[in-house]
């Protein structure tokens, strides 16, 4: 087998070689980038909008918080009907025909929205609170039909809810213990306690924010803030970031599909778009083997610009 | 015992010797650290890849500082915020020049003459860099991280990887961002560079054939200098 040195010597036979200092070029590039980065960082800084907490949400928009929590308790929120990996809601997973990859790994992160987002935190917060303990007992002692009747009536009433002294008030009606449960949950949330209770896992350390993020994602408050920051899906979504910073512009090929029909309304848009982007990335990787794609550089004379000096030198 | 007497005994089945000989044959130092290049390499297009690597060096350097002081530091410290800004803009420059490099190499059809593996590794670097940066965005612990994670989970779950790659799990995303992806990207970039050095830079498309008669590997001060764009 011939060595690389021999094969390069043959490959470049007849081509003029010129002095070149790889190390110097690399060091100059590192220094140049350092100067550029220092200037950009000093002049433009970087985005860092503080996170929303459950507490700040409950204080800023208590009606949205209570409406979301009621939907979680009723099992009617986005997370409650999400399907895998959070629960086994039938026909909720995104599919293309019989292909349903969302179901392949099953329910790996089980979430019971009523228990995990409302009832369990309230049980933890009920210590020493006889009123809340009684309301919880009443709710959990009722049959599911009765619970749903209370929740439906309360959900309807929340459409005309008002806020007085930080508490959510609805027109009088037969809501059972639900208003008491929600008032208590709102109180815990406003104090910041729910942020901690949603992370409770029986161990001391915690780095998994799945539960509080899912709860916030089910509400409208975070989405409204995101819309102001031009971050929603129809605004090119996660490709952008807060402020006027460039964001993840390299995700344009992914984000662009969400702006176009039929993907902007398709229920399985995420699955279809990820598969399209994976296919396009594979095409890019296999360009050397795909006729037409590998021939375009020969047809489009950009290479004449790239090797301008070379072609000028050889034509003279 | 003399070396010549010992050599035949270790020659057969010696993995270390085989690897050394392979590297000496396929990745000679003269090509890893060249002091001469074909004159057509004097084009700005070849700078893009070098600048991208330079930006990657700063991404890693600033990332090490951020990791050292912990994920909360840059939110509460002016110096930390500045280091994060250096990290942020290094990433932006890395991607700008990586994309310029990619398109430059596409229009140069740089996969020709047996260089398809180099192109393939380059595309993999590009794809993994996108995921690496994505994990950085969702591990920021700010509003952007919350919103991006909440929305991105749908794509991950839809294709079935959400069970293993939970973007709502800060610990998982942070760990992947500061350990797995830096190792993956820098290793693949190193492989990409070694492949470039092993094969050399591809010749221009449709070479006219009327080249100079300089020997291909002539070295020394007497070598003529060609036009450098």
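The values are calculated or read from the model by the stated rules, or taken from the named source; none is laboratory data. Keep in mind that what you see is a predicted model, and the values were worked out from it rather than measured. Note: ideal-geometry Cβ built from the backbone for every residue, glycine included; neighbour counts use all protein chains shown.
Residues in the range A:95-125 that are in a helix (DSSP H, G or I), within 11 Å of chain B (Cβ to nearest Cβ) and closer than 21 Å to residue A:208 by Cβ: A:102 alone. Only a single criterion out of (1) at pLDDT 95 or above; (2) in a loop (DSSP other than H, G, I, E, B) is not satisfied by residue A:281, namely (2).
Within the range B:25-48, identify whether any single residue is over 30 Å from residue A:301 (Cβ atoms), away from chain A (no Cβ under 12 Å) and not in a loop (DSSP other than H, G, I, E, B), and answer yes or no. Scanning the range B:25-48, I find no residue that is over 30 Å from residue A:301 (Cβ atoms), away from chain A (no Cβ under 12 Å) and not in a loop (DSSP other than H, G, I, E, B), so the answer is no.
Residues in the range B:94-117 that are buried (at least 22 other Cβ atoms within 10 Å of the Cβ), touching a helix residue (DSSP H, G or I) at 6+ places or on another chain (Cβ under 6 Å) and assigned to a helix (DSSP H, G or I): B:94, B:97, B:98, B:101, B:104. Taking the range A:14-76 as the region of interest, the helices (runs of 4 or more DSSP H) fully inside it that hold 3 or more residues being within 11 Å of another protein chain (Cβ to nearest Cβ) are A:22-44.
Note on the range A:187-205: among residues that are within 18 Å of residue A:115 (Cβ to Cβ) and free of Cβ contacts under 8 Å to residues at least 60 places away in the same chain, the one that is surrounded by the most Cβ atoms within 10 Å (Cβ to Cβ) is A:196.
Counting residues in the range A:239-248 that are over 14 Å from the mean Cα position of the chain (by Cα) and assigned to a helix (DSSP H, G or I) gives zero. Residues of the range A:212-245 that are surrounded by fewer than 22 Cβ atoms within 10 Å (Cβ to Cβ) and out of contact with any helix residue (DSSP H, G or I) (no Cβ under 6 Å at 6 or more places or on another chain): A:223, A:224, A:225, A:227, A:228, A:229, A:230, A:234, A:235, A:243, A:244, A:245. Within the range A:230-242, being farther than 20 Å from residue A:264 by Cβ and more than 7 Å from chain B (Cβ to nearest Cβ) holds for no residue.
Say whether the condition of being within 9 Å of chain A (Cβ to nearest Cβ) and farther than 30 Å from residue A:297 by Cβ is met by at least one residue in the range B:110-122. Taking every residue of the range B:110-122 in turn, none turns out to be within 9 Å of chain A (Cβ to nearest Cβ) and farther than 30 Å from residue A:297 by Cβ. The residues in the range A:254-278 that are loosely packed, with under 14 Cβ neighbours inside 10 Å and either outside any helix (DSSP H, G or I) or within 7 Å of another protein chain (Cβ to nearest Cβ) (or both) can be counted, and the count is 7. Screening residue B:195 with (1) crowded, with 21+ Cβ neighbours inside 10 Å; (2) touching a residue at least 40 places away in the same chain (Cβ under 8 Å) gives one miss only, at (1).
Residue A:176 meets the conditions (1) away from chain B (no Cβ under 11 Å); (2) surrounded by fewer than 18 Cβ atoms within 10 Å (Cβ to Cβ) in every case but one. The failed one is (2).
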